[in-house]
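Below you'll find the structure, written out as structure tokens, and then a few comments.
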Amino acid sequence: MNDYRPSLFTTQRSRMDLSEKKVFVAGASGMVGSSVVRELTRRGFSNLLTPGSVETNLTDQSQVNGFFRETRPNVVVLAAAKVGGILANNTYRADFIYQNLMIEANVIHAAFENGVEKLVLLGSSCIYPKLAGQPMREEELLSGYLEATNEPYAIAKIAGIKLSESYYRQHGSNFFSLMPTNLYGPNDNFDLETSHVIPALIRKFHDAKIAEADAVEIWGSGRPRREFMHVDDLASAIVFALDEIEADAVYSRGISHLNVGTGTDIEIIETARMIKDIVGFEGDIDTDESKPDGTMRKLLDVTRMHDLGWRHRIELRDGLEQLYKWYLENVDARMNTTGV
């Protein structure tokens, strides 16, 4: 029997007073989660649950169930995920699909079992087909083949989106998903083996500057276009969604999630030139076209989030300057101190 009860979560219901709620930020130590914690703290939230992976392994169902029974969160921001760039996604395919599926299934089901009032799942723009129309509208989901290099991660994220939607449709749970574009910001991963493009470029240009190298090599042709958003803008979108958006406002539009991005994109080679200038590297940029480009363009259509009242505030050049300063004060300073 279908237990779908949309009347439980109508747009007319009284707004949740989040400042009085217990908010579990899953993945609070990561780039996205730490930004969400900063934003919630800045806005006066004090009842935050931020366990680390050592305390609660989210891939372990018994640990997740125990955590929810003990802490009884009212709101969940599901920012925990195993993430990485093209190399990591293509190399550790089983890890990416297994760990992300387990995290999503455990947290979402425990949230349902323990009466969580609102859950927001974070996905990735890689959920869209490789040849999706540009900019990518929410309706493009499941309309074609995925990019092969990150297919396992994308499938896991699609499963999370549909799991959230299914709990809403069967049980009326106030669970929905936000789909951010490519992110960068403080607490990013600067490991060249597993990082995304912006932290990898910052690390490469900085190291080349220190070594007085002649050139920096980037993967692929440099021609793919990408949309980049500062993680603090995503954090503001998440808090906006907690304050202003209910699940039925998403699903009543005939979609499974909402895109979150800047609505503008840039070629990878132009991004590299911008970072080169910010870092102060004076050598050349070489491209290695033997390496994969991935999808040639990934731009989100963010019309719906704009219509709901949210827009990004940090432009790319400003955000990159902030991130390089953070890198010098944190990552580079730590490496120089420890010799790592």
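The residues in the range 265-285 that are outside any helix (DSSP H, G or I), closer than 20 Å to I314 by Cα and of a type outside the set (D, E, K, R) can be counted, and the count is 1.
Yes/no matrix, rows are residues, columns are (1) assigned by TED's automatic domain parsing to the domain that holds G280; (2) free of Cβ contacts under 8 Å to residues at least 24 places away in the same chain; (3) surrounded by 23 or more Cβ atoms within 10 Å (Cβ to Cβ):
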{"site": "A154", "(1), (2), (3)": "no, no, yes"}
{"site": "A159", "(1), (2), (3)": "no, no, no"}
{"site": "S164", "(1), (2), (3)": "no, no, yes"}
{"site": "L192", "(1), (2), (3)": "no, yes, no"}
{"site": "W219", "(1), (2), (3)": "yes, no, no"}
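Considering D232, D207, D214, the condition of being surrounded by fewer than 23 Cβ atoms within 10 Å (Cβ to Cβ), closer than 19 Å to L78 by Cβ, out of contact with any Pro (no Cβ under 6 Å at 6 or more places or on another chain) and not basic (K, R) is satisfied by D232 alone.
Looking at G172, is it modelled with pLDDT under 95 and surrounded by fewer than 20 Cβ atoms within 10 Å (Cβ to Cβ)? So G172 does not fit the description; no.
Taken over the range 280-330, the residue count meeting the criterion of being among the β-branched types (V, I, T) and within 19 Å of W219 (Cα to Cα) is 3. Touching a Pro at 6+ places or on another chain (Cβ under 9 Å), closer than 30 Å to K22 by Cα and β-branched (V, I, T) - does that describe any residue in the range 109-124? Checked against the condition, which is being touching a Pro at 6+ places or on another chain (Cβ under 9 Å), closer than 30 Å to K22 by Cα and β-branched (V, I, T), the range 109-124 yields at least one hit.
The condition (being closer than 26 Å to S29 by Cβ, touching a strand residue (DSSP E or B) at 6+ places or on another chain (Cβ under 7 Å) and not acidic (D, E)) is satisfied by just one residue among V231, V239, V250: V231.
Residues that are modelled with pLDDT under 95 and under 14 Å from M274 (Cα atoms) are absent from the range 180-189 altogether.
Within the range 236-247, can one find any residue that is outside any helix (DSSP H, G or I) and of a type outside the set (S, T, N, Q)? Yes - at least one qualifying residue is present in the range 236-247. Counting only helices (runs of 4 or more DSSP H) that sit completely within the range 31-146, those holding 1 or more residues that are hydroxyl-bearing (S, T, Y) and buried (at least 18 other Cβ atoms within 10 Å of the Cβ) correspond to 31-42. Residues in the range 172-209 that are in a helix (DSSP H, G or I) and in contact with a strand residue (DSSP E or B) (Cβ under 6 Å, 6 or more places away or on another chain): I198, K204, F205, A208.
The values are calculated or read from the model by the stated rules, or taken from the named source; none is laboratory data. These numbers come from a predicted model, not from an experiment. Reconstructed Cβ throughout: ideal geometry from the backbone, glycine too, with neighbour counts over all protein chains shown.
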